[in-house]
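Quick note: the coordinates plus some simple rules give every number you see, no bench work behind them. Computed from a predicted structure; not experimentally measured. All Cβ positions, glycine included, derive from the backbone under ideal geometry; neighbour counts span all protein chains shown.
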Amino acid sequence: MTSAGTPTDVVEAGVRGLFRVALPDGSVRLAVGDTRAGPTDLLAPERTIADILRAGREGLSAAVAGPITGPVPTDATILAPLDAQEVWAAGVTYRRSHEARVEEASEPSVYDKVYVADRPELFF
């Protein structure tokens, strides 16, 4: 076990995840694979992220468990993991806006994470 209580083999191997990939023939498919190593196995062509999300936790577990229809080609491209979902995004782009958010915030340091982090955080 690691100090966080996670089995060592899970930390070293990552976990099985769901990917959306563009194949060399132009088609887009879902695939599964180790979250650290990337997609390795294609799911059936009719599988969609929207259907998996509608099925809840069990849908995701079932999708990640298979069945698979073949290997992911080495020249496949990983895409954003969405198909028909509504996507919301937010951002603060100007220094003046940053200063205003810091002034009005009860915890100003949280905005520093948006502006200076290597990987900015999004929060609500």
> How many of the residues making up the stretch 16-65 are among the charged types (D, E, K, R), within 14 Å of the chain's Cα centre (by Cα) and under 16 Å from GLN85 (Cβ atoms)?
Replying inline: 1
> Which of the residues belonging to the stretch 24-51 are more than 11 Å from GLY70 (Cβ to Cβ) and hydroxyl-bearing (Ser, Thr, Tyr)?
Replying inline: SER27, THR35, THR48
> Quick one: in the stretch 31-65, which of the residues that are hydroxyl-bearing (Ser, Thr, Tyr) and within 27 Å of ASP75 (Cβ to Cβ) is surrounded by the most Cβ atoms within 10 Å (Cβ to Cβ)?
Replying inline: THR48
